[in-house]
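What follows is calculated from the coordinates using simple rules that are stated; it is not laboratory data. All figures in this text were calculated on a predicted structure; none of them were measured in a lab. With ideal geometry, Cβ positions are generated from the backbone for all residues, glycine too; neighbour counts draw on all protein chains shown.
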Amino acid sequence: MILGSTGSIGTQALDLVRRNPGRFRVVALAAGGGNPDLLARQAAEFAVQTIAVASPDAVPEVRAALQPALQAESFGRTTPTVTVLSGPDAVSELAGYPCDVVLNGVDGAAGLRATLAALQAGRTLALANKESLIIGGPLVTQLAKPGQIVPVDSEHSTIAQCLRAGQRSEVKRLVLTASGGPFRGWPRTALESVTPEQALAHPTWNMGPLITVNSATLVNKGLEVIEAHLLFGFGLDQVDVVVHPQSIVHSMVEFADGATIIQASPPDMRIPIGLGLAWPERVAGAAPGLDWAKATSWTFEPLDDAAFPAVSLAREAARIGGTAPAVYNGANEACVAAFLAGRISFPRIVDTVARVVSEHDTSRAGDLTLDDVLAVDAWARARANELNGVAN
């Protein structure tokens, strides 16, 4: 099952399925509804029985596109029927349907309900939606059984692979690599003039707008620090970040004896997606390998916390714990939308997130519920919009 099938992760996952028909079968698809023609073609090509559309307004367009797509694939045979679920709970409802693996490639905080539903149903969760783990925190980690979550982020997939080289007790630290984004080396003063077009021009990865801007601000790396801490259970002081502009080494694990295990491959998400679908096995030919006959060089440099404070802020949110990471994520998503709309400057994204995190009420103790988390997420977005002069 693929959630977010029309996005970058979903389309690459379907490419792997298409090239490995004897190994995988897609039973259901879900998408927001912004690309109804593509969703209809996917449903027809992979002969799924059920699709979920998060936006009810998009359903008429999906249905209109679905019939001719199904007829084109049936080649004169009886045209199959596809059940269409719709509404804000449709994707999470679908996530609980019978299957072996649920790939959650939904963008942003909207993926939380689907993550919880898949875990509750006992499915293996190939998790590309880091935000659901960030904001869900204990809700997700307490529900997940050992090995039930397989990370699809390239960095965390790499960490999972490298950890197989030794015992947990032998691990000294996890090292996440960051490309540095399009503004690597820029001083903070120069960032005031950054445009959305510049922020969306990532030097090595092709991703959706939210993740691409998050990579430019380094918020994405901050989220990944929190994710690594939650996924693998190592302390925040054991999770480091280093800038690696070539995006060939996707992260590292340093062991107590001084050995560092790395995973190196071209910047192609089909490798971690393939591992997410088939873990612990690999999908042959998922992506082209490195050309070792070609001269090249890899460089590593420290993170510039002065110009890009997002990672330090994420560590602070993780140390606070509770719903603070949800505040970090929610405020950021609101700020990214404001930046892309031309309402705020690039540096103000993280400045506003820091302000909202500092205002967050951390006095509440005890177990959190899903409603608690979603309420905090909504407050963080509303407060960020208020600070940025954006109507809620």
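As a length-normalised measure over Cα pairs under 8 Å and 6 or more apart, the relative contact order of the chain settles at 15 percent. Cross-link partners for Lys145 among the lysines, with Cα-Cα distance under 30 Å and sequence neighbours closer than 8 places in the same chain left out: Lys130, Lys172, Lys221.
List the relative contact order of the range 154-305 as a percent without decimals, with contacts defined as Cα pairs under 8 Å and 6+ residues apart.
Averaging sequence separation for qualifying contacts and normalising by length gives 33 percent for the range 154-305.
For the range 293-305, putting each phi into the Karplus relation 6.51 cos²θ - 1.76 cosθ + 1.60 with θ = phi - 60° gives couplings of 8, 9, 5, 7, 9, 10, 10, 9, 8, x, 6, 8, 5 Hz, in residue order, rounded to whole numbers and with x for Gly and Pro.
Ellipticity at 222 nm from helices only: DSSP H runs of n ≥ 4 in the chain, each -39500 (n - 2.57), divided by the residue count, give -13000 deg cm²/dmol. For the peptides 296-306, 254-264, the ranking by packing is 254-264, 296-306, with the highest mean count of neighbouring Cβ atoms within 10 Å listed first. Convex hull volume of the Cα atoms of the range 194-330, normalised per residue: 163 Å³.
Between Asn214, Asn129, Asn20, the residue with the greatest mean-square fluctuation in the GNM of the chain (Cα pairs under 10 Å linked by springs) is Asn20. Quick one: work out the % antiparallel among DSSP beta bridges in the range 154-305, nearest 5. DSSP beta bridges in the range 154-305 are roughly 65 percent antiparallel. Using θ = phi - 60° in the Karplus curve 6.51 cos²θ - 1.76 cosθ + 1.60, the 3J(HN,Hα) couplings for the range 170-179 round to 8, 7, 8, 7, 9, 10, 8, 9, 10, 5 Hz; x is entered for Gly and Pro. Normalised by the number of residues in the range 250-381, the mean separation of alpha-carbon contacts (under 8 Å, six or more apart) gives a relative contact order of 19 percent. Result for the chain in a Gaussian network model with C-alpha springs under 10 Å: among Arg184, Arg270, Arg19, the largest mean-square fluctuation is at Arg19. Taking the three principal axes of the alpha carbon atoms in the range 75-159, the coordinate ranges are 48, 27, 22 Å, sorted in descending order.
Seen from all directions on average, the range 34-120 presents a Cα convex hull projection of 5.7 nm².
Taking every DSSP bridge with both residues inside the chain, close to 30 percent are antiparallel. Here Ala295 and Gln198 are evaluated by their C-beta separation; at R0 = 25 Å the FRET efficiency comes out at 0.25. Taking the Cα atoms of the range 321-392, the ratio Rg/Rh between the radius of gyration and the Kirkwood radius comes to 1.00. Between Thr260 and Thr369, the modelled label-to-label distance comes to 4.7 nm, taking each label 7 Å out from Cα in the direction of the beta carbon.
Eigen-decomposition of the gyration tensor built on the alpha-carbon atoms of the chain gives equivalent ellipsoid semi-axes of 32, 26, 21 angstrom, largest listed first.
In the range 276-383, Rg over Rh equals 1.15, where Rg is the alpha-carbon radius of gyration and Rh the Kirkwood radius from pairwise Cα distances.
Overall dimensions of the range 2-151, expressed as equivalent-ellipsoid semi-axes from the Cα gyration tensor (√(5λ), whole Å, largest first), are 27, 16, 12.
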